[in-house]
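Asks: First the structure, then my questions, so here it is.
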Amino acid sequence: MKQLNSILFLFLLSILMVSCGEDDAKSRDSRSGGAMASNAAERVYVAPGEHDEFYAFLSGGYSGNLTVYGLPSGRMLKEIPVFSQFPTSGYGYSEETKPMLNTSFGFVPWGDAHHPDISQTNGETDGRWVFINENNTPRIARISLETFETEEIIEIPHSAGNHSSSFVTENTEYVVAGTRFSVPYPQEDIAISEMKGNFKGPLTFIAIDDEGRMKIDFQLKMPGFNYDLSHPGRGDSHGWFFFTTYNTEEAHTLQEVNASQNDKDFIAAVNWKKIQEYVANGGGQEIDAQYAHNVYDHETHTATSTMMNKVLTVDPRDVEGAVYFMPTPKSPHGCDVDPSGEYIVGNGKLSTDLTVHSFSKMLKAIENKDFDGDAYGIPILNFESTLAGTVKEGGLGPLHTEFDGEGNAYTTFFISSEVVKWKLGTWEVLDRQPSYYSVGHLMIPGGNSRKPEGKYLISMNKITKDRYLPTGPELEHSAQLYDISGDKMELLLDFPTHGEPHYAAGISADRVKANSRKIYRLDENKHEFAATSEDATKVVRQGNEVHVYMTTVRSHFAPDNIEGIKVGDKVFFHVTNLEQDFDVPHGFAMIGANTSELLIMPGQTKTITWEPKKAGVWPFYCTDFCSALHQEMQGYVRVSGKNSNTPLTWTLDGE
Amino acid sequence: MKLTFKILSVFLILFAISCGEKEEKEQPKLSDPETVEEAKTTTAEVSNLDNKGVGPVKSVEIGADIDAALATQGAELFKNMCSACHKMDKKFIGPELAGVTERRTPEWIMNMILNPEKMIKEDPIAKKLLIESNMAVMANQGLTQEEARAILEYFRQFDQEN
C-alpha cells in the first residue's frame with residue numbers, strides 16, 4: 001500500500017511539474033488527470049474571513065446530532081445537538097432542555113440521527129428549517145435555520161426503526177416517518193414467529209403548519225414489510241410519496257439471508273392527497289397511542305413536553321386508489337425522484353442495475369388496472385408497465401441517487417465504492433469516480449428538489465482507513481467533495497465528518513445567512529426565572545430548594561458570593577446573560593455538580609441544578625473565555641451543615 | 001471512575017493542606033495600597049469638552065430643559081442594559097457616571113454607548129479609561145441611537161438634580 005502511494009505520489013508530482021508550464025485553459029482541460037493536476041486547491045480554498053458558498057447539513061448519525069459544514073471548504077461550522085445530550089452547551093442537561101429528550105419511554109439521552117431535509121416552497125429549498133429523523137426511538141426533529149437550534153421533537157408512535165424519514169413534500173405540507181422494523185400494531189405480547197401477516201409497517205404523515213409546528217395528521221397501516229427510504233413526488237407527481245421496501249418475505253430472523261429471497265420487493269406509491277382528503281372528511285379511526293411532543297420556546301428559553309394519547313390510523317385498503325406497489329428488483333434502498341417528478345429511481349442494493357419507474361406510466365397502469373396480483377389487498381402494478389428504463393451495470397450495490405438539474409443523475413455504489421453519473425432518459429453511464437471508501441449517501445445542494453444547485457456533490461463514505469493521519473482503531477468518517485459542473489466529475493477535497501452521516505442537505509448560503517440570529521433580546525426574555533438586570537438578582541429558598549436568579553456580564557456574576565446554602569439543598573442556578581452583543585456567550589460551571597456546564601447566549605437564561613454534599617466554600621466560574629478579565633469571572637457559594645443557622649445572603653462587591 | 005475519584009479526593013486534601021500553609025507565609029504583593037492609589041488618580045477626570053468621540057453621532061440637539069419622559073425611559077434602559085457595570089455614585093466595573101455630562105460632550109457619551117469597540121481603540125479618553133478599568137472592555141449592548149439619546153437625557157437629569 002505504502003509503495004503504491006509513493007508511486008502514485010511521484011506520478012502526480014510529475015504531472016504537476018509538467019502541467020505547471022501550461023496555460024490555464026489547457027490545465028482546465030486536463031481535469032481528468034487528478035486533483036493535483038488541476039487547480040483543485042484553489043477551488044476549495046476559502047480565504048481567511050471569507051464565507052463558503054453553501055451550507056451543508058450532515059446528519060451526525062449515532063452522535064444524535066446535526067453538523068453544519070461550509071462548502072466548498074469542508075470546514076465544520078457548528079454541531080447542533082438534536083437527539084443527544086450535549087454537555088458543550090448544556091442541551092439535555094439544563095432544566096430548560098431536558099424536556100426535549102422526553103419520550104413515552106421516559107428520558108432518552110441519545111439518538112441515532114439519519115436524514116436531514118430542508119423545508120421547501122414550490123419544490124425549492126427555502127432555508128426555514130431542517131427536519132431530521134431518529135431511527136432508534138422513533139422521533140422527528142425540526143431545527144430552526146434562524147437560531148440553528150432544535151425547536152421541536154415529535155415521537156412517532158407504533159413505529160420502530162424510523163428510517164424512511166424525514167423527507168419533506170414540495171410545499172412542506174408533510175414530513176414523513178416510515179417504519180423499517182415492522183412490529184405489532186399496536187404493540188402486543190405475541191410470539192416473534194407469528195410476525196407474518198400480524199406485524200405492520202406504519203407510515204406516518206406529519207403535517208407542518210406555517211410556524212413549522214408538527215402534528216401527526218394520520219398513520220397509514222401498511223403491511224409488515226421494511227420501509228427503507230422515501231422521497232416525495234414533485235411537479236406532476238406532487239401529491240404522491242414513494243417508499244422503498246425490502247423484506248417483503250416478512251422474515252424475522254437471519255434477515256441477511258431470509259430477507260433477500262424474493263427477486264423483487266416493492267416501491268410503495270402513496271397518494272397522500274387522497275388520504276389527506278379522506279381524513280379531512282372524517283375518514284380513519286382514532287386509536288390509542290402514547291407519544292411525546294416536545295417544543296422549545298425562544299421567548300421563555302424553555303422546552304415543554306406534552307404526552308399525546310391518540311393517533312388517527314388509516315387502513316390503505318379503505319381509500320380507493322391511495323396505495324399501489326411497484327415491483328422493484330433486489331431489496332431497493334434509496335428511493336429518489338428526479339427534479340421533474342417523472343422518474344422514480346429504485347436503487348436495488350443487491351444488484352448491479354438501477355430500476356427507474358415512470359410516473360406517467362404508473363398513472364396509465366393504474367388507469368388500465370394493469371395489476372399483477374396484490375399484497376394484503378394492495379394492488380401490485382405490472383413491473384413492465386411502470387418501468388421507464390434500467391441503468392445497466394452501473395456498479396455494485398447501488399444505494400442513493402441525486403440529480404444536478406441538467407438531466408443527469410448521480411448514484412453511489414457501495415460495494416464497488418464509486419459515484420456514477422448517468423443520463424436520465426437514455427440511462428447511459430457517462431462517468432464514474434472512485435470514492436474512498438465505500439460510499440453510502442451523496443448530496444448535491446437541492447439535489448432532491450425541483451431545482452438542484454448542481455455545482456458540487458459530496459459523497460459520505462462509510463470507511464476511512466488511510467485517508468488521514470491514523471488516530472487509533474476508531475476513525476471519523478470521511479466525506480469527499482466533487483466538482484460536477486463539467487462533463488466529468490472531479491474529486492477536489494476530502495474532509496472528516498462527525499458520527500456517521502446518513503445523508504445531508506445543502507443550500508445556497510444566500511438563502512440562509514441573512515436570517516441567522518445574532519442574539520436573543522433581553523426585553524423579549526420571558527423565562528420564569530430570568531433576572532434581566534442586576535437589580536432583579538436574588539436568592540429564594542423554598543424548603544430545601546434554593547433558586548438563584550443570577551446574571552452574567554463581562555466579566556462578573558451577580559451575585560458572586562452566596563451564603564446560607566446547606567448540605568441536602570437542591571440549588572437551581574438560573575443564569576441570564578445580560579450581554580446584547582453578537583458572540584458574547586458566558587459559561588457557568590459549579591464544582592461537583594452532577595451535570596454539565598451551561599453555555600448561555602446573549603439574552604438567554606439557562607438553569608442547572610447542584611446538590612452540595614459537603615460543607616465548605618465552593619467556587620463556580622465562567623467556562624467561556626469572555627474578556628481579558630475572564631479568569632476573574634468566578635464566585636463562591638458557602639455551604640453549611642444541614643442544621644446550621646447561616647443566614648441566606650447574596651452579594652456582589654459587598655452589596 | 002472510582003479510582004479517578006479517589007485520586008481526586010487525595011489531591012483535594014493535599015490542596016486544602018497546602019492552602020492552609022500558604023496563608024501564614026506571606027501577603028500577596030499585588031495589593032500594595034500605594035500603587036493602587038496612584039492608578040486611581042489618573043486622567044479619567046480630565047475634562048475634554050471638544051472631543052465628540054468616534055462613531056455615528058456627529059451632533060446632538062440638547063434642549064435647555066430636561067425632557068422628563070425621555071429621561072425616565074433612559075433610566076429604565078440604564079437599569080437593564082448598563083447597571084451591571086456602571087453605578088452613578090461609584091466606580092464599579094466602569095467609571096462612576098455622576099457628573100459625566102459635565103466631563104464629556106453629549107456626542108462622546110452616545111458614541112461610547114453605541115460604538116465602544118472603536119472608541120476603546122481610537123478615542124484618547126476611552127483608551128485611558130480602558131486602562132484605568134483594568135482592561136474591562138465596554139460591552140456593546142446593541143442599543144439604537146434613540147435609546148442612547150434617552151440614556152443621555154437620564155444622565156443630564158441626574159447631573160442637574162445632584
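The values are calculated or read from the model by the stated rules, or taken from the named source; none is laboratory data. Since we're looking at a predicted model, the values are computed, not measured. Methodologically, a virtual Cβ is constructed for each residue, glycine included, from the backbone with ideal geometry; neighbour enumeration extends over all protein chains shown.
Asks: Scan the range B:64-90 for residues that are assigned to a loop (DSSP other than H, G, I, E, B), touching a helix residue (DSSP H, G or I) at 6+ places or on another chain (Cβ under 9 Å) and either touching a residue at least 60 places away in the same chain (Cβ under 8 Å) or away from every other protein chain (no Cβ under 11 Å) (or both) and jot them down.
Replies: Once the filter is applied, which keeps residues that are assigned to a loop (DSSP other than H, G, I, E, B), touching a helix residue (DSSP H, G or I) at 6+ places or on another chain (Cβ under 9 Å) and either touching a residue at least 60 places away in the same chain (Cβ under 8 Å) or away from every other protein chain (no Cβ under 11 Å) (or both), the range B:64-90 yields B:66, B:67, B:88.
Asks: To continue, here is another question. Which one is farthest from residue A:188 (Cα to Cα), of the residues in the range A:117-176 that are basic (Lys, Arg) and buried (at least 24 other Cβ atoms within 10 Å of the Cβ)?
Replies: Per the stated criteria, the residue is A:142.
Asks: Next up: Using the structure shown, decide if residue A:477 is in contact with a helix residue (DSSP H, G or I) (Cβ under 9 Å, 6 or more places away or on another chain), under 17 Å from residue A:499 (Cα atoms) and assigned by TED's automatic domain parsing to the domain that holds residue A:73.
Replies: Working: in contact with a helix residue (DSSP H, G or I) (Cβ under 9 Å, 6 or more places away or on another chain): yes; under 17 Å from residue A:499 (Cα atoms): yes; assigned by TED's automatic domain parsing to the domain that holds residue A:73: yes.
Yes: the conditions hold for residue A:477.
Asks: Could you run through the range A:447-475 and say how many residues are of a type in the set (A, V, I, L, M), over 21 Å from residue A:123 (Cα atoms) and either without any contact (Cβ under 8 Å) to a residue 60 or more places away in the chain or touching a Ser or Thr at 6+ places or on another chain (Cβ under 8 Å) (or both)?
Replies: Residues in the range A:447-475 being of a type in the set (A, V, I, L, M), over 21 Å from residue A:123 (Cα atoms) and either without any contact (Cβ under 8 Å) to a residue 60 or more places away in the chain or touching a Ser or Thr at 6+ places or on another chain (Cβ under 8 Å) (or both): 4 in total.
Asks: From (1) away from chain B (no Cβ under 14 Å); (2) over 28 Å from the mean Cα position of the chain (by Cα), pick out the condition that doesn't hold for residue A:523.
Replies: Failing condition for residue A:523: (1).
Asks: On to the next question. Can you tell me which of (1) surrounded by 18 or more Cβ atoms within 10 Å (Cβ to Cβ); (2) touching a Leu at 6+ places or on another chain (Cβ under 6 Å); (3) over 15 Å from residue A:353 (Cβ atoms) is the one residue A:424 doesn't meet?
Replies: Among (1) surrounded by 18 or more Cβ atoms within 10 Å (Cβ to Cβ); (2) touching a Leu at 6+ places or on another chain (Cβ under 6 Å); (3) over 15 Å from residue A:353 (Cβ atoms), residue A:424 violates only (2).
Asks: Right, something else. Residues of the range A:386-407 being more than 30 Å from the chain's Cα centre (by Cα) and part of a strand (DSSP E or B), which ones? Quick ask: steps written out before the conclusion?
Replies: The initial filter retains those residues of the range A:386-407 that are more than 30 Å from the chain's Cα centre (by Cα), namely A:386-390, A:392-393.
A:387, A:388, A:389, A:390 - these are the residues of the range A:386-407 that are more than 30 Å from the chain's Cα centre (by Cα) and part of a strand (DSSP E or B).
Asks: While we're looking at this one, here's another question. Please state which of the following conditions residue B:113 fails to meet, knowing it meets all the rest: (1) surrounded by fewer than 21 Cβ atoms within 10 Å (Cβ to Cβ); (2) within 12 Å of chain A (Cβ to nearest Cβ); (3) farther than 26 Å from residue A:651 by Cα.
Replies: (1)
Asks: Please determine, by comparing only the residues of the range B:98-110 that are surrounded by fewer than 24 Cβ atoms within 10 Å (Cβ to Cβ) and of a type in the set (A, V, I, L, M), which one is farthest from the other protein chains (Cβ to nearest Cβ).
Replies: The selected residue is B:100.
Asks: Something else about it: Residues of the range A:522-537 being of a type outside the set (S, T, N, Q), touching a residue at least 24 places away in the same chain (Cβ under 8 Å) and surrounded by 13 or more Cβ atoms within 10 Å (Cβ to Cβ), which ones?
Replies: In the first step, residues of the range A:522-537 are kept if they are of a type outside the set (S, T, N, Q); the result is A:522-524, A:526-531, A:534-536.
Then keep just the ones that are touching a residue at least 24 places away in the same chain (Cβ under 8 Å); that gives A:522, A:524, A:526-531, A:534.
Across the range A:522-537, the qualifying residues are A:522, A:526, A:527, A:529, A:530, A:531, A:534.
Asks: Check the range A:247-255 and report whether any residue there is touching a Gly at 6+ places or on another chain (Cβ under 8 Å), of a type in the set (A, V, I, L, M) and surrounded by 15 or more Cβ atoms within 10 Å (Cβ to Cβ).
Replies: Scanning the range A:247-255 turns up no residue that is touching a Gly at 6+ places or on another chain (Cβ under 8 Å), of a type in the set (A, V, I, L, M) and surrounded by 15 or more Cβ atoms within 10 Å (Cβ to Cβ).
Asks: Something else now. Kindly provide the set of residues from the range A:627-639 that are away from chain B (no Cβ under 13 Å) and within 28 Å of residue A:298 (Cα to Cα), ordered by number.
Replies: A:634 - this is the single residue of the range A:627-639 that is away from chain B (no Cβ under 13 Å) and within 28 Å of residue A:298 (Cα to Cα).
Asks: Could I ask something else about it? Residues that are away from chain B (no Cβ under 14 Å): which strands (runs of 3 or more DSSP E) entirely in the range A:554-626 hold 2 or more of them?
Replies: Result: A:561-566, A:570-577, A:586-590, A:598-600, A:605-610, A:616-621.
Asks: Continuing with the same structure: For residue A:124, state whether it is acidic (Asp, Glu) and touching a Lys or Arg at 6+ places or on another chain (Cβ under 6 Å).
Replies: Working: acidic (Asp, Glu): yes; touching a Lys or Arg at 6+ places or on another chain (Cβ under 6 Å): yes.
The answer is yes for residue A:124.
Asks: Give just the number: which of (1) within 39 Å of the chain's Cα centre (by Cα); (2) charged (D, E, K, R); (3) farther than 21 Å from residue A:87 by Cβ does residue A:653 not satisfy?
Replies: Here residue A:653 meets the rest and fails (1).
Asks: Which strands (runs of 3 or more DSSP E) does the range A:410-497 wholly contain that include 1 or more residues that are within 17 Å of residue A:67 (Cβ to Cβ)? Even if it seems obvious, please write down each step before you answer.
Replies: Details: elements: A:418-423, A:429-434, A:439-443, A:456-461, A:477-483, A:490-497.
Of the strands (runs of 3 or more DSSP E) lying wholly inside the range A:410-497, those with at least 1 residues that are within 17 Å of residue A:67 (Cβ to Cβ) span A:439-443, A:456-461, A:477-483, A:490-497.
Asks: Considering only residues that are part of a strand (DSSP E or B) and more than 13 Å from residue A:174 (Cα to Cα), which ones fall in the range A:199-222? Lay out the reasoning, then the answer.
Replies: Of the range A:199-222, the ones part of a strand (DSSP E or B) are A:199-200, A:203-208, A:214-220.
If the condition is that a residue be part of a strand (DSSP E or B) and more than 13 Å from residue A:174 (Cα to Cα), then A:199, A:200, A:220 are the ones that fit.
Asks: Going by what's in this entry, would residue A:642 be described as of a type outside the set (Val, Ile, Thr), away from every other protein chain (no Cβ under 14 Å) and assigned to a loop (DSSP other than H, G, I, E, B)?
Replies: yes
Asks: Since residue A:443 meets every condition but one in (1) more than 23 Å from residue A:339 (Cα to Cα); (2) buried (at least 24 other Cβ atoms within 10 Å of the Cβ), which condition does it not meet?
Replies: It is condition (1) that residue A:443 fails.
Asks: Mind checking which residues of the range A:532-553 are polar (S, T, N, Q) and within 11 Å of another protein chain (Cβ to nearest Cβ)?
Replies: Within the range A:532-553, A:532, A:533, A:537, A:551, A:552 qualify.
Asks: Given A:409, A:388, which one is in contact with a His (Cβ under 9 Å, 6 or more places away or on another chain) and under 30 Å from residue A:502 (Cα atoms)? So that I can check it myself, show each step before the final result.
Replies: On the way: A:409 fails: in contact with a His (Cβ under 9 Å, 6 or more places away or on another chain).
Testing whether each residue is in contact with a His (Cβ under 9 Å, 6 or more places away or on another chain) and under 30 Å from residue A:502 (Cα atoms) leaves just A:388.
Asks: If you don't mind, another one. When you scan the range B:126-146, how many residues do you find that are closer than 21 Å to residue A:583 by Cβ and either in contact (Cβ under 8 Å) with a residue 24 or more places away in the chain or at the interface with another protein chain (Cβ under 9 Å from one of its Cβ atoms) (or both)?
Replies: 9
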